[in-house]
């Protein structure tokens, strides 16, 4: 999943500074320009990674997702860096998973 997210980011106008994956969620520290909405970043990551995962692992996924081609949940949580430094957030993310 990390490689897929990094591939999507490399073809986009944002970058993933730090990322760790836990059993049921992903923590990312993302840098982007102010004119790119958080929603568009999340949508791009979810849509393109789901497409690539299905493209490469369809036989395995059909056993679990027989009704529709889904992989990631609809929800997400976003917070901007305000009262803490980027380094503090980076250390927090690196200690997940």
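The values are calculated or read from the model by the stated rules, or taken from the named source; none is laboratory data. All figures in this text were calculated on a predicted structure; none of them were measured in a lab. Glycine gets a Cβ as well: all are built from the backbone with ideal geometry, and neighbour counts include every protein chain shown.
Right, residue 40: within 18 Å of residue 17 (Cα to Cα) and in a helix (DSSP H, G or I) or not?
So residue 40 fits the description; yes.
Here are the criteria: (1) part of a strand (DSSP E or B); (2) surrounded by fewer than 17 Cβ atoms within 10 Å (Cβ to Cβ); (3) at pLDDT 95 or above. Tell me which single one residue 31 does not satisfy.
It is condition (3) that residue 31 fails.
Might you let me know whether segment 6-27 holds any residue that is part of a helix (DSSP H, G or I), surrounded by 14 or more Cβ atoms within 10 Å (Cβ to Cβ) and touching a residue at least 12 places away in the same chain (Cβ under 8 Å)? Show your work before the answer.
At the first step, the residues of segment 6-27 found to be part of a helix (DSSP H, G or I) are 6-10.
From what's left, surrounded by 14 or more Cβ atoms within 10 Å (Cβ to Cβ): 8-9.
If we keep only those that are touching a residue at least 12 places away in the same chain (Cβ under 8 Å) as well, we get 8-9.
Within segment 6-27, one or more residues are part of a helix (DSSP H, G or I), surrounded by 14 or more Cβ atoms within 10 Å (Cβ to Cβ) and touching a residue at least 12 places away in the same chain (Cβ under 8 Å).
Pull out all pairs, ordered by first then second residue, where Cβ-Cβ is under 9 Å, the residues are six or more apart or on different chains, the first lies in segment 40-65 and is farther than 19 Å from residue 2 by Cα, and the second is outside any helix (DSSP H, G or I) and modelled with pLDDT under 95.
Correct list of pairs: 65/71.
When you scan segment 59-68, how many residues do you find that are surrounded by 10 or more Cβ atoms within 10 Å (Cβ to Cβ) and in a loop (DSSP other than H, G, I, E, B)? Please lay out each step first, then the result.
As a first pass, look at segment 59-68 and keep what is surrounded by 10 or more Cβ atoms within 10 Å (Cβ to Cβ): 60-62, 65.
Applying the additional criterion that residues be in a loop (DSSP other than H, G, I, E, B) yields 62, 65.
So the answer is 2.
Which residue out of 76, 51 is closer than 17 Å to residue 8 by Cβ, in a loop (DSSP other than H, G, I, E, B) and modelled with pLDDT of 90 or more?
It is 76.
Mind listing whichever residues of segment 2-16 are under 20 Å from residue 92 (Cβ atoms) and either at pLDDT 95 or above or touching a helix residue (DSSP H, G or I) at 6+ places or on another chain (Cβ under 7 Å) (or both)? Spell out the reasoning first.
Narrowing segment 2-16 to residues under 20 Å from residue 92 (Cβ atoms): 2, 5-6, 9, 14-16.
5, 6, 9, 14, 15, 16, listed by residue number.
Answer with yes or no whether residue 71 is assigned to a helix (DSSP H, G or I) and either in contact (Cβ under 8 Å) with a residue 12 or more places away in the chain or over 22 Å from residue 12 (Cα atoms) (or both).
no
Can you tell me which residue in segment 79-97 is modelled with the lowest pLDDT, limited to those that are under 16 Å from residue 24 (Cβ atoms) and part of a loop (DSSP other than H, G, I, E, B)?
The extreme case among them is 97.
Exactly one condition in (1) touching a helix residue (DSSP H, G or I) at 6+ places or on another chain (Cβ under 8 Å); (2) outside any loop (DSSP other than H, G, I, E, B); (3) surrounded by fewer than 16 Cβ atoms within 10 Å (Cβ to Cβ) is not met by residue 56; state its number.
Here residue 56 meets the rest and fails (1).
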